[in-house]
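The values are calculated or read from the model by the stated rules, or taken from the named source; none is laboratory data. Quantities reported herein were computed from a predicted structural model and do not represent experimental measurements. FYI the Cβ positions are ideal-geometry reconstructions off the backbone, even for glycines, and counts take in every protein chain you see.
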Amino acid sequence: MFFYAPLDVTQGFVQKIFYIHVPLAIVSLCGFMFGGAMAIGYLRTGDRKWDMRSYVAIHMALIFGIGGLITGSIWAKASWGHWWVWNEPTLVSFLIVLLLFCTYQPMRFSIEDPERQSRYASVFAIVAGAFVPLNYVAVQMATAYVHPRVLTLGGANLPPSMGFVFVVSLLAFVLLYVTLWKYEMASKNARSQVRRLRRTLLGDDLVRPVGRSAAPR
Amino acid sequence: MSLLFAVAPELPLGKAGKYVAAAYIVLVALILVYVTIMATRAQRLERELAELRRDVEAARAAAAEETEHVA
């Protein structure tokens, strides 16, 4: 990243943020869509594991999205002299998507019945997930103010050496997302298996009731 | 390691260096915070498993004692 990829002629060294900011944002947006796809699985089968997959996918995508937002803000300050530019469609649209998915967990938490919680959350995840590509196309069609349009619907405007580093970086972030997603899934599944085992071995009396939670039960 | 730094070309850090460093530190910090939270959860799960084992052993001992008492 620092030695192989050439320095950007106009931006110089600060352009190195591109190799983490853009993959974070892309993986985050794909993670939201992945969450929506998993939610379709829940609505089709009614199996809780799909709801858990969707929940963890959106949770992970939110973390990546926050990372993308903070690194982008730092880059904006270094390049444009401002932490945030409100009249730039790329920035504002990403913030809208992020804020939309920030309401996912409070919405889940507000519904006590687990069945209803999973169903409503799945519908939300599908609708909000479908909003992500629509939002991307809308931003591509809008007039750019200061944010560069490196990755367009027609392809990437990058020299080959920069493009190679970017693809490697993107792959690394995809792998990180998948690893953390599997890690959290394993952790949540193990917890639920322990509760089930306790109930089977000792009966319902010795199992502490689960309080209200945003996570699938 | 020092040899690697010796052969690596000098980076034109300038004024941008602190911003690039800040962005990469944010990324590492996010991952570290997440892994720490997950490690805490894994510890909690380990405690729950130990508690379950103790409860099952106690229940088995009580059942064996009861069988002995009846016999």
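Kindly indicate whether A:TYR4 is of a type in the set (Phe, Trp, Tyr), part of a helix (DSSP H, G or I) and modelled with pLDDT under 95.
no
Going by the structure shown, is A:ALA5 away from chain B (no Cβ under 11 Å), touching a Gly at 6+ places or on another chain (Cβ under 6 Å) and not aromatic (Phe, Trp, Tyr)? Spell out the reasoning first.
Details: away from chain B (no Cβ under 11 Å): yes; touching a Gly at 6+ places or on another chain (Cβ under 6 Å): no; not aromatic (Phe, Trp, Tyr): yes.
The answer is no for A:ALA5.
Here are some conditions: (1) of a type in the set (A, V, I, L, M); (2) away from chain B (no Cβ under 14 Å); (3) part of a helix (DSSP H, G or I). A:ILE70 meets all but one. Which one does it not meet?
Single failed check for A:ILE70: (2).
Evaluate region A:81-95: report whether one residue or more is among the charged types (D, E, K, R), free of Cβ contacts under 8 Å to residues at least 60 places away in the same chain and within 12 Å of chain B (Cβ to nearest Cβ).
For region A:81-95, residues among the charged types (D, E, K, R), free of Cβ contacts under 8 Å to residues at least 60 places away in the same chain and within 12 Å of chain B (Cβ to nearest Cβ): absent.
When you look at A:LEU62, is it under 22 Å from A:LEU99 (Cα atoms), within 14 Å of chain B (Cβ to nearest Cβ) and modelled with pLDDT of 95 or more, yes or no?
Criteria met by A:LEU62.
So how many residues does region A:8-19 have that are without any contact (Cβ under 8 Å) to a residue 12 or more places away in the chain and facing chain B (nearest Cβ under 7 Å)?
Looking only at that region, the number is 2.
Could you list, in sequence order, the residues of region A:1-55 that are under 18 Å from A:ALA130 (Cβ atoms) and more than 22 Å from the chain's Cα centre (by Cα)?
A:ARG44 - this is the single residue of region A:1-55 that is under 18 Å from A:ALA130 (Cβ atoms) and more than 22 Å from the chain's Cα centre (by Cα).
Given the criteria of a type in the set (A, V, I, L, M, F, W, C), under 30 Å from A:SER54 (Cβ atoms), at pLDDT 85 or above and not in a loop (DSSP other than H, G, I, E, B), does A:VAL165 qualify?
No; evaluated as a whole, the condition is false for this residue.
Only one of these conditions is not met by A:GLU115: (1) farther than 21 Å from A:ILE40 by Cα; (2) in a helix (DSSP H, G or I); (3) charged (D, E, K, R). Which number is it?
(1)
I want to confirm something. Restricting to region A:34-58 and keeping residues that are surrounded by fewer than 21 Cβ atoms within 10 Å (Cβ to Cβ) and in a helix (DSSP H, G or I), which single residue is farthest from the other protein chains (Cβ to nearest Cβ)? Spell out the reasoning first.
Step one: filter region A:34-58 for residues surrounded by fewer than 21 Cβ atoms within 10 Å (Cβ to Cβ), giving A:37, A:40-41, A:43-49.
Checking the rest, the ones that are also in a helix (DSSP H, G or I) come to A:37, A:40-41, A:43-45, A:48-49.
On the way: A:ALA37: 23, A:ILE40: 27, A:GLY41: 24, A:LEU43: 28, A:ARG44: 30, A:THR45: 27, A:ARG48: 19, A:LYS49: 18 Å.
Per the stated criteria, the residue is A:ARG44.
Which of the following residues is facing another protein chain (nearest Cβ under 8 Å), surrounded by fewer than 11 Cβ atoms within 10 Å (Cβ to Cβ), more than 27 Å from A:ALA76 (Cα to Cα) and modelled with pLDDT under 90: B:ALA8, B:ALA71, B:ALA63, B:ALA59?
B:ALA8
So in region A:173-202, with the set limited to residues that are within 15 Å of the chain's Cα centre (by Cα) and either β-branched (Val, Ile, Thr) or more than 10 Å from every other protein chain (Cβ to nearest Cβ) (or both), which one is farthest from B:ARG41 (Cα to Cα)?
Result: A:VAL174.
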